[in-house]
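In what follows, a single structure is set out as structure tokens and then discussed.
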Amino acid sequence: MNDISAPFPAPGLVLRGIAAPLRLADFRLIAFDMDSTLINIECIDEIADAVGKKAEVAAITEATMRGEIKDFKESLRRRVALLEGVLVGSLQQVYDQRLRLNPGADTLVAACRAAGLKVLLVSGGFTFFADRVKARLGIDFARSNLLEEADGHLTGRVVPQAWGDICDGAEKRRTLLEVASLLGAAPAQCIAVGDGANDLPMMGEAGVSVAYHAKPKVREQAMVSIEDGGLDRLLEVLR
């Protein structure tokens, strides 16, 4: 039970435009970024480690998430090109050995589902991981990028899909609005959670935008910034 005498917001939560707790059941959809939001790693950086290129790829990833590299598609293509020749089996090793759910992810997703919300994972990362995280958490919808494979190795390219070529910030926004429309929900009935600059377009459409241990540019624009503790701290704001 929530302690109504507790301070609002509690330390480690920064709110903008929210003066009191909101009702989770008033929302219809929650959309999550994956890498460094639902999970603890940037998958592309860890895959690159298999070919000794983690530092090079991670530097591009970090600059992109801070918003210093504006073209996410070009940034992703550059990073994926550096993965050419990686054994496909390395993806499973990253999943098994390095990927962990961020604290509170399972609690928050379960609470949202119990309140009647649908859950969307929309990621600039990769389908190999997104599909597994989707199944693990019981997420309803997922959209992410597909790495091309040939002869048991990555080719260094991304495969175009029916919806488009690369899931960037614009595609995240479009996916949020598309799924909301399918549910008969208004954007104001959506929650969007992310950590990087490419999450800002979908966060800008949502009724509640949430930054999770995010880059400064994202923290500054989010309605809720979780700066200490796990994802389930959102349940202190949406009850």
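The values are calculated or read from the model by the stated rules, or taken from the named source; none is laboratory data. It should be emphasised that the depicted structure is a prediction, and the values quoted were computed from it without experimental measurement. So basically every Cβ, Gly included, is an ideal-geometry build from the backbone, and we count neighbours across all protein chains shown. To get the accessible areas, we keep the full protein, side chains included, count just its heavy atoms, and leave off ligands, DNA and RNA. Shrake-Rupley method; radii C 1.70, N 1.55, O 1.52, S 1.80 Å.
Overview of values
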read-out: Qualifying residue in region 209-221 (condition: part of a strand (DSSP E or B), under 18 Å from residue 80 (Cβ atoms) and hydroxyl-bearing (Ser, Thr, Tyr)); value: no
read-out: Residue match in region 63-79 (condition: in contact with a helix residue (DSSP H, G or I) (Cβ under 8 Å, 6 or more places away or on another chain) and on the phi > 0 side of the Ramachandran plot); value: yes
read-out: Any hit, region 159-168, residues being under 26 Å from residue 75 (Cα atoms) and within 13 Å of the chain's Cα centre (by Cα); value: yes
read-out: Failed item in (1) modelled with pLDDT of 95 or more; (2) crowded, with 19+ Cβ neighbours inside 10 Å; (3) closer than 22 Å to residue 175 by Cα, with residue 113 passing the rest; value: (2)
read-out: Within region 48-64, considering residues that are in a helix (DSSP H, G or I) and among the hydrophobic types (A, V, I, L, M, F, W, C), the one surrounded by the most Cβ atoms within 10 Å (Cβ to Cβ); value: 48
read-out: Qualifying residue in region 61-77 (condition: in contact with a Leu (Cβ under 6 Å, 6 or more places away or on another chain) and farther than 20 Å from residue 173 by Cα); value: no
read-out: Condition met for residue 218 (at pLDDT 95 or above and farther than 16 Å from residue 70 by Cα); value: no
read-out: Candidates 146, 120 - the one that is surrounded by fewer than 19 Cβ atoms within 10 Å (Cβ to Cβ), part of a strand (DSSP E or B) and at pLDDT 95 or above; value: 146
read-out: Conditions (1) within 30 Å of residue 191 (Cβ to Cβ); (2) of a type in the set (D, E, K, R); (3) open to solvent by 30 Å² or more (accessible area, probe 1.4 Å); number of the one not met by residue 45; value: (3)
read-out: Leading residue by the ranking (most open to solvent (accessible area, probe 1.4 Å)) among those in region 208-223 that are farther than 16 Å from residue 9 by Cβ and touching a Leu at 6+ places or on another chain (Cβ under 9 Å); value: 221
read-out: Residue count, region 168-195 (criterion: open to solvent by less than 30 Å² (accessible area, probe 1.4 Å) and touching a Phe, Trp or Tyr at 6+ places or on another chain (Cβ under 9 Å)); value: 12
read-out: Of residues in region 224-239 being buried (at least 20 other Cβ atoms within 10 Å of the Cβ) and not in a strand (DSSP E or B), the one farthest from the chain's Cα centre (by Cα); value: 237
read-out: Qualifying residue in region 15-28 (condition: open to solvent by less than 40 Å² (accessible area, probe 1.4 Å), outside any strand (DSSP E or B) and in contact with a Ser or Thr (Cβ under 8 Å, 6 or more places away or on another chain)); value: no
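Results for (1) of a type outside the set (Gly, Ala, Ser); (2) in a helix (DSSP H, G or I), shown as yes or no for each residue.
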residue	(1), (2)
128	yes, yes
166	yes, no
174	yes, yes
177	yes, yes
185	no, no
188	no, yes
199	yes, yes
